[in-house]
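Dropping the structure in here first, questions after.
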Ligand SMILES: Nc1ncnc2c1ncn2[C@@H]1O[C@H](COP(=O)(O)OP(=O)(O)OP(=O)(O)O)[C@@H](O)[C@H]1O
């Protein structure tokens, strides 16, 4: 649906040139929720603004439904842009207009007939749960309600894609959860594809199907959310996952434990093996486990369990235990805060 092909973006300022995007390629498939995560300055905003060409690439192509936006006439680009709604961290509502007017005015400007404007405003206000606030002004709304208005305004143009630029970053945790549930419902029930950028791993965890991790203008890792959680490859991805589980072992303890065995992270996806895998291998081999941390969380489609375990024993016994755990459907990673660490 949206394809970025080898996109590079260089910003020229008087003092220096900044390469905000460096040979970025990714494909957002129809019907999915695709998250791009990265720390501040990674290039996320530049990337999402590239999807509707608010920002033009220095090099590379942006395709929407197979058509190259970068080669379109202004008229065709405007038609394509109407199929891409956008919401922002700061909501961008018209302060002097009511909720109704905030949604209706842009529709009027794009030539939607009066009767249809009324129907669409009411329909989408109902979907976002704000029909009773049609006559309120933005100043009378909470942050979550303002974002709902912005979502209704975007949906009223009946887009195929919703671009979300840090849509929940200004909201408290409960409101974030409610807005994420709404975005998930929009994706599921209206079939709208969502591309979002965020620096919060809980956003990726709860609603995304696929994810790309950005750093210094490059995509350093991308794939299914479940793979990022269970087998993050880069130090940055590991830190994002650990930010959610808070299962970093104090360095001193790590050093002591490693003398008598190995520390591993065990990932259980869905019902994994359906067997008590850790108990089975400790019964079979000369290995003694101590659980250092344990968590279970719900990803979009399945539960994800995670244990950090010290396996005490000789390296050959630990190795055999790891092999058996892997055969039982558990994903085993050698524990290391950052860096490469796949085991078995
Ligand atoms: N219009 C611009 N002119 C010059 N440099 C820019 C411009 N926009 C972004 N940059 C630079 O490009 C790099 C990437 O910025 P971008 O805003 O895309 O990152 P980000 O990941 O969205 O960060 P944040 O979450 O802080 O917004 C940064 O070094 C930034 O200073």
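The values are calculated or read from the model by the stated rules, or taken from the named source; none is laboratory data. The model shown is predicted, which means the values in this text are computed figures rather than measured ones. As a convention, Cβ positions derive from the backbone with ideal geometry for all residues, glycine included, and neighbour counts pool all protein chains shown.
Would you mention how many residues in segment 199-245 are assigned to a loop (DSSP other than H, G, I, E, B) and either under 26 Å from residue 7 (Cα atoms) or not assigned by TED's automatic domain parsing to the domain that holds residue 43 (or both)? Reasoning before the result, please.
Step one: of segment 199-245, the residues assigned to a loop (DSSP other than H, G, I, E, B) are 199-200, 208-209, 216-217, 231-234.
Then keep just the ones that are either under 26 Å from residue 7 (Cα atoms) or not assigned by TED's automatic domain parsing to the domain that holds residue 43 (or both); that gives 199-200, 208-209, 216-217, 232-234.
Of the residues in segment 199-245, 9 are assigned to a loop (DSSP other than H, G, I, E, B) and either under 26 Å from residue 7 (Cα atoms) or not assigned by TED's automatic domain parsing to the domain that holds residue 43 (or both).
Next question, about the same structure. With segment 59-157 as the region, which helices (runs of 4 or more DSSP H) entirely inside it contain at least 1 residues that are farther than 21 Å from residue 168 by Cβ? Even if it seems obvious, please write down each step before you answer.
Working: elements: 74-82, 99-109, 114-127, 143-155.
Hits in segment 59-157: 74-82, 99-109, 114-127.
Looking at segment 260-281, which of its residues are surrounded by fewer than 20 Cβ atoms within 10 Å (Cβ to Cβ), more than 34 Å from the chain's Cα centre (by Cα) and touching a residue at least 24 places away in the same chain (Cβ under 8 Å)?
Selection gives 260, 280.
Let me ask something else. Criterion first (over 30 Å from residue 235 (Cβ atoms) and assigned by TED's automatic domain parsing to the domain that holds residue 219) does residue 47 satisfy it?
No; evaluated as a whole, the condition is false for this residue.
Could you run through segment 156-190 and say how many residues are surrounded by fewer than 20 Cβ atoms within 10 Å (Cβ to Cβ), away from the ligand (no atom under 16 Å from the Cβ) and more than 17 Å from residue 128 (Cβ to Cβ)?
Residues that pass the stated criteria total 3.
Any idea which residue in segment 9-57 is nearest to the ligand (Cβ to nearest atom), counting only those that are surrounded by fewer than 21 Cβ atoms within 10 Å (Cβ to Cβ), part of a strand (DSSP E or B) and in contact (Cβ under 8 Å) with a residue 60 or more places away in the chain?
Within segment 9-57, the match that is nearest to the ligand (Cβ to nearest atom) is 19.
Can you tell me which residues in segment 108-132 are within 30 Å of the chain's Cα centre (by Cα) and farther than 14 Å from residue 182 by Cβ? Reasoning before the result, please.
Step one: filter segment 108-132 for residues within 30 Å of the chain's Cα centre (by Cα), giving 120-131.
Across segment 108-132, the qualifying residues are 120, 121, 122, 123, 131.
So, one more: Check 285, 268 and return the single one that is outside the structural domain of residue 18 (by TED's automatic domain parsing), in contact with a helix residue (DSSP H, G or I) (Cβ under 9 Å, 6 or more places away or on another chain) and under 27 Å from residue 31 (Cα atoms). So that I can check it myself, show each step before the final result.
On the way: 285 fails: under 27 Å from residue 31 (Cα atoms).
Going through 285, 268 in turn, just one is outside the structural domain of residue 18 (by TED's automatic domain parsing), in contact with a helix residue (DSSP H, G or I) (Cβ under 9 Å, 6 or more places away or on another chain) and under 27 Å from residue 31 (Cα atoms): 268.
Here's something else I'd like to know. Among the residues of segment 247-259, is any exposed (fewer than 13 other Cβ atoms within 10 Å of the Cβ) and in a loop (DSSP other than H, G, I, E, B)?
yes
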